[in-house]
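I have placed the structure first, in the form of structure tokens, so that the comments after it can refer back to it.
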Amino acid sequence: MNKRTLPWILGACLVLSLIACGGSKSSDQPAGTSPATPAADQPASVPATTGLQSIADMSNAWTALYNQNEKAINDYEGMPILALVTPATTFITSVQFDMLNIHKQDGHFEGKLMLAGYQGFLNKAGPLLTFGYDDKLAKDGFGPLHKAGDRVVASGSLDLTKAYYVFDMYTERGGKKIAREYSEFKRLGDGSMIALSLGGQAFNMRGDAELRDHAIYLHNGPGRYDFVTAKGKAGPEFQAISLAAKGDLSKEQALELLKGAGYTIEVSGGIRDGKLTLDPK
């Protein structure tokens, strides 16, 4: 893969975020949603501490920081590190939920997700958003992890005041998980953001049984992009790790946390003097 293609992955997140921010006329509100009233009639609901109003805002906050580090990531002279951009792809799925509540009202909203096509829901209670879906694949998708009849489940939350996002998504076949992706993003007091992305699957791309999983830690801020990537053999039944009680989790702390959870560290590093640099092993 050419390293110049990596930003396109994150770019897709940004494009979808902008689509979700744009909204549509009230007559386009998905079937089954709660009635919407004009935004002008609604009280201001922007959380004072973060300015976030939607999932797309959280995505855009991460992207704005990433854009400041994009050149250093692109100019890295080694093998492109896909893990530096893949955690943010979680927003490709989750920003679709914004379209279920284009006026950002409190309440429960349901409808078909614009891109995924699943029947989803979003609840808003003040600064807390919860969202998800529980559906089935109507036809085979790409690879052995996407077969007609597979159950696809997602659940997420975003605390707009704390700028703390969690999204858990898995595929189930015959009552057993065959793939799972779990992501958390949190804004720190200095305006930088950290992310922890975990994923696992029960089959390789050939369709052979093979338990494997991965973990990615990122600290994204002005002139800073600390990272740790690790691998494991737990498959989709991996134990989720939450940032909720971890405070301002540093790269050094993430290394110890992942080692303690049984992961094998692959690579770690960050930006130093404007250049992406790997830590010595």
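The values are calculated or read from the model by the stated rules, or taken from the named source; none is laboratory data. The model shown is predicted, which means the values in this text are computed figures rather than measured ones. Positions of Cβ are generated from backbone atoms using ideal geometry, with glycine treated the same way; all protein chains shown enter the neighbour counts.
Below are the figures for this structure:
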read-out	value
Residues (more than 20 Å from N204 (Cβ to Cβ), surrounded by fewer than 15 Cβ atoms within 10 Å (Cβ to Cβ) and of a type in the set (A, V, I, L, M, F, W, C)) located in region 129-148	A138, A148
Some residue of region 225-235 being crowded, with 18+ Cβ neighbours inside 10 Å, at pLDDT below 95 and not in a strand (DSSP E or B)	yes
Selected residue (only one of V228, V152 is touching a Leu at 6+ places or on another chain (Cβ under 8 Å), under 18 Å from S94 (Cα atoms) and β-branched (V, I, T))	V152
All positions within region 231-265 that are in contact (Cβ under 8 Å) with a residue 40 or more places away in the chain, of a type in the set (D, E) and farther than 12 Å from D213 by Cβ	D248
Scope region 236-248; condition touching a Gly at 6+ places or on another chain (Cβ under 8 Å) and either outside any loop (DSSP other than H, G, I, E, B) or closer than 21 Å to N220 by Cβ (or both); matching residues	P236, E237, D248
